[in-house]
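J.: Here you go, one structure.
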Amino acid sequence: MLNPKQFVEEIIRPTMMFLEGRDTSQVKWGGQAAEELMLGTALVESDLTYLRQLGGPALGIYQMEPATAKDILENYVGYRGYLGEALDMIAGVWPMKSVGIQGNLFLATALTRIHYRRVKEPLPAAGDTPGQARYWKEFYNTRRGKGTPEKYIEKWKNAGRGNT
């Protein structure tokens with residue numbers, strides 16, 4: 001397992017700062033609430049360990065399905081030039097974005113944060129682990145997904161960062 005504190009400090013926070021610096025709308029991408037939700041998502045989806053779903057199509061530390069990445073790129077990023085430029089800079093020229101989420105932690109983080117940015121509901125407050133768990137379940141894992149808010153909370157507590 002990657003160190004959760006380092007993952008936030010070295011991957012999540014810099015990625016969100018990078019996106020925020022490219023966003024012409026001046027909307028905040030980062031902050032403690034966003035950092036906690038992103039870390040919780042990585043913990044529950046991959047144990048902050050796996051880069052490919054065991055027995056499934058999902059890729060990267062956040063276990064995003066290629067179809068979801070494609071939808072984000074075509075139906076959200078495609079209409080926001082600054083995000084496309086930011087993702088190009090993060091991804092480089094190889095591998096393609098939908099595959100790059102498997103090995104590029106910055107790209108996987110950016111796409112996951114963009115996924116959450118598309119949600120109209122505001123992020124749960126920092127420290128509201130149960131609220132974050134419900135938010136993750138509804139908007140990332142989905143109602144049909146196998147994950148549960150209880151599993152999210154358990155993973156958060158086991159990582160030593162829980163505020164429940």
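Please treat every number below as a calculation from the coordinates, not as lab data. If you're wondering where the values come from, they're calculated on a predicted model, not measured in any experiment. As a convention, Cβ positions derive from the backbone with ideal geometry for all residues, glycine included, and neighbour counts pool all protein chains shown.
J.: How high is the FRET efficiency between Thr148 and Ala67 when r is their beta carbon distance and R₀ equals 22 Å, given to the nearest 0.05? Could the numbers behind the result be given before it?
T.: On the way: r = 23 Å, r/R0 = 1.03.
The pair Thr148/Ala67 has a calculated efficiency of 0.45.
J.: Which pairs, out of Lys28/Lys146; Lys120/Lys157; Lys5/Lys146; Lys28/Lys120; Lys70/Lys146; Lys137/Lys157, put more than 24 Å between their alpha-carbon atoms?
T.: Working: Lys28/Lys146 31 Å; Lys120/Lys157 28 Å; Lys5/Lys146 27 Å; Lys28/Lys120 14 Å; Lys70/Lys146 22 Å; Lys137/Lys157 17 Å.
From Lys28/Lys146; Lys120/Lys157; Lys5/Lys146; Lys28/Lys120; Lys70/Lys146; Lys137/Lys157, over 24 Å: Lys28/Lys146; Lys120/Lys157; Lys5/Lys146.
J.: If you average 1/r over all unlike Cα pairs in segment 4-158 and invert the result, what Kirkwood radius do you get in angstrom?
T.: Details: mean 1/r = 0.0649 Å⁻¹.
Computed over segment 4-158, the radius equals 15.4 Å.
J.: While we're looking at this one, here's another question. How much length is gained on full extension from Asp47 to Asn158, taking 0.36 nm per residue of separation minus their Cα-Cα distance?
T.: On the way: separation 111, 0.36 × 111 = 39.96 nm, distance 1.01 nm.
The span from Asp47 to Asn158 would gain 39.0 nm if fully extended.
J.: Before rounding to the nearest 500, sum -39500 (n - 2.57) across all DSSP H runs of length at least 4 in the chain and divide by the residue total; then give [θ] at 222 nm in deg cm²/dmol. Kindly include the intermediate steps, with their values, before the conclusion.
T.: Details: 9 runs with 85 residues, N = 164.
For the chain, the value works out to -15000 deg cm²/dmol.
J.: Taking amide H atoms as placed 1.01 Å from N in the peptide plane, list the residues 5 or more away in sequence, or in a different chain, whose amide H sits under 5 Å from that of Met64.
T.: Answer set, sorted by chain and number: Leu59.
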